[in-house]
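Below is one structure, written out as structure tokens, with a few remarks after it.
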Amino acid sequence: MRMQAMIIGLFLGLTTVPIPALANDGQTAPADTPAECRTDTARIDQAFPTGAYQSCDVTGNKHFRLTIAPEDDGDINCSAWYAFRVNAARKTRITVDLDYTKCGHRYWPKTSTDGVNWEFMKPKYVKVEGERGERTARLTLKVDETPLFVAAQEIFPPSIYEAWLDRLEQMPSATVSLLGRSAQGRKIELLRIADPNTTPRETVVLVGRQHPPEVTGALAMLPFVETIMGDSEIAKAYRSRFETLAVPLLNPDGVVHGHWRHNTGGVDLNRDWGPFTQPETRLMGNMLTWIENDSARDMRVLIDFHSTNRDVFYTIPDELPTDPELFIKKWLELYQERMPDYEVNRDARHTEGRPISKAHAFDVYGAPGITFEIGDDTDRELIKRIGRESAIAMMQTLLETPEPANPALSDR
Ligand SMILES: [Zn+2]
């Protein structure tokens, strides 16, 4: 049942173009990478982007123990990321125990030999001591001379985003620019989507990957963005009226280091919207301020892509007036109509001043803020459909909102 092959690639058009996810992007091995461990049979290492374990111990010629720990001692969510590579001398089986210092096993292990095609491990090869929350998992791996990657979710490092943006940039409606850099100097890129022949005055903001292990949110964001860039009539109409500013990878350092939650400053970026103490979040704060101060622009919606244990939209409640009025209610109703065999979940609440993206968008700008959550285990084909259909519903809902008469005059 868990068995599933998937491809991370580009969803543009009808083709899927594989991307060398594990290509050396100049950020291969963080300096603090612990040593590999090795026997006559196999060698285990984590010297690739997203590679992460705290330590590796040899417990037998074919047995290894990896200690899995969060990136720092602060409070942290139980998103216990791990990723490692096995090089074997010959075809054999090994066992790898994942020993968690905190929280326990959460993510069902996946394997890949090329970083593009991933397989969920078969249940008979994964022994978790009890259910989610237990402290150990034993993986039995069939290995040979081909390096085998084993990870908590599909490995989705900066190189995939770069290849994706390179492809998108070929399209007339896209412009890619450098928004800024992370604490460790990695690129944080901004994708602007708009009809090049018009000057849209209404702005939709998308952001992704504040939390490194939340790969399923990214797997939804890519088709979401591509749908906005598509050839449909609705996408063309949307792009002539709205510009989309998308920052798909806000925490590249955390992703490369295989963090559970934080950036390299030990901060949960989605608890820093408002204070903006971190270089990554400050880029978003500055961008929103710039939109607000530009009399020819109005922010209409902010959507922030994440992952949790189920598909759910965390939203501002309908009782709180947003501009556009009741956008979230209308959007999700339309989206539900487009997904008749699927239940759209919404959890509406708001705590004023809470330093998360959706609350900040509402508190400061009166805009509907949405945290778009995809379940860790949601079927990967379904995720693509979720991304596409929710994007179509968003575009249609926005096109039905009244156009601001002249924001340049009405702004202030
Ligand atoms: Zn998250």
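Each value in this text was obtained by applying a stated rule to the coordinates, not by laboratory testing. It should be emphasised that the depicted structure is a prediction, and the values quoted were computed from it without experimental measurement. Glycine gets a Cβ as well: all are built from the backbone with ideal geometry, and neighbour counts include every protein chain shown.
Among the listed residues ARG85, ARG138, which satisfies the condition of being crowded, with 18+ Cβ neighbours inside 10 Å, in a strand (DSSP E or B) and not hydrophobic (A, V, I, L, M, F, W, C)?
On the way: ARG138 fails: crowded, with 18+ Cβ neighbours inside 10 Å.
Only one candidate passes the filter, namely ARG85.
Among the residues of segment 350-375, which ones are within 16 Å of the ligand (Cβ to nearest atom) and surrounded by fewer than 20 Cβ atoms within 10 Å (Cβ to Cβ)? Give the steps one after another, and end with the answer.
Quick first cut of segment 350-375, residues within 16 Å of the ligand (Cβ to nearest atom) only: 354-361, 369-375.
Of everything in segment 350-375, those that are within 16 Å of the ligand (Cβ to nearest atom) and surrounded by fewer than 20 Cβ atoms within 10 Å (Cβ to Cβ) turn out to be ARG354, PRO355, GLY375.
Starting from residues that are assigned to a loop (DSSP other than H, G, I, E, B) and among the aromatic types (Phe, Trp, Tyr), keep the ones in segment 39-73 and report whichever is nearest to the ligand (Cβ to nearest atom). Talk me through it step by step, then tell me what you get.
First, pick out the residues of segment 39-73 that are assigned to a loop (DSSP other than H, G, I, E, B): 39-41, 46-51, 53-54, 61-62, 69-73.
With the extra rule that they be among the aromatic types (Phe, Trp, Tyr), the set shrinks to 48, 53.
Details: PHE48: 23, TYR53: 22 Å.
Result: TYR53.
Taking the options LEU245, LEU190, name whichever one is over 17 Å from MET394 (Cβ atoms) and either more than 16 Å from the ligand (Cβ to nearest atom) or among the aromatic types (Phe, Trp, Tyr) (or both).
Details: LEU245 fails: over 17 Å from MET394 (Cβ atoms).
Within the list LEU245, LEU190, the selection yields LEU190.
For the subset of segment 142-173 comprising residues that are touching a residue at least 60 places away in the same chain (Cβ under 8 Å) and assigned to a loop (DSSP other than H, G, I, E, B), which member is farthest from ALA83 (Cα to Cα)?
Only one residue fits best here, namely SER173.
Which one of the conditions (1) part of a loop (DSSP other than H, G, I, E, B); (2) within 24 Å of the chain's Cα centre (by Cα); (3) exposed (fewer than 14 other Cβ atoms within 10 Å of the Cβ) does ASP347 fail to meet, given that it meets all the rest?
(1)
Listed here are the residues, each with its yes/no results for (1) within 16 Å of the ligand (Cβ to nearest atom); (2) under 22 Å from SER159 (Cα atoms).
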site	(1), (2)
ASP75	yes, no
ALA80	yes, no
ALA83	no, yes
VAL86	no, yes
ILE94	no, no
ASP99	no, no
ARG106	yes, no
LYS110	no, yes
TRP118	no, yes
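May I ask you to list the residues in segment 350-394 that are in a strand (DSSP E or B) and of a type in the set (Gly, Ala, Ser)? Spell out how you get there, then give the answer.
Keep residues of segment 350-394 that are in a strand (DSSP E or B), which gives 369-375.
GLY369, GLY375 - these are the residues of segment 350-394 that are in a strand (DSSP E or B) and of a type in the set (Gly, Ala, Ser).
Does PRO275 qualify as being closer than 27 Å to LYS329 by Cβ and more than 16 Å from the ligand (Cβ to nearest atom)? Please lay out each step first, then the result.
On the way: closer than 27 Å to LYS329 by Cβ: no; more than 16 Å from the ligand (Cβ to nearest atom): yes.
No: the conditions fail for PRO275.
If a residue must be of a type in the set (S, T, N, Q) and closer than 27 Å to ASN77 by Cβ, how many such residues does segment 182-224 contain?
To start, the set of residues in segment 182-224 that are of a type in the set (S, T, N, Q) comprises 182, 184, 197-199, 203, 210, 216.
Narrowing further to those that are closer than 27 Å to ASN77 by Cβ: 182, 184, 210, 216.
Total meeting the criteria: 4.
Would you be able to tell me the number of residues in segment 192-208 that are farther than 20 Å from PRO404 by Cβ and not in a loop (DSSP other than H, G, I, E, B)?
So the count comes out to 3.
Anything in segment 288-304 that is more than 22 Å from THR401 (Cβ to Cβ) and not β-branched (Val, Ile, Thr)? List them, or say none.
Taking segment 288-304 as the starting set, the residues that turn out to be more than 22 Å from THR401 (Cβ to Cβ) are 289-290, 293.
The answer is TRP290, ASN293.
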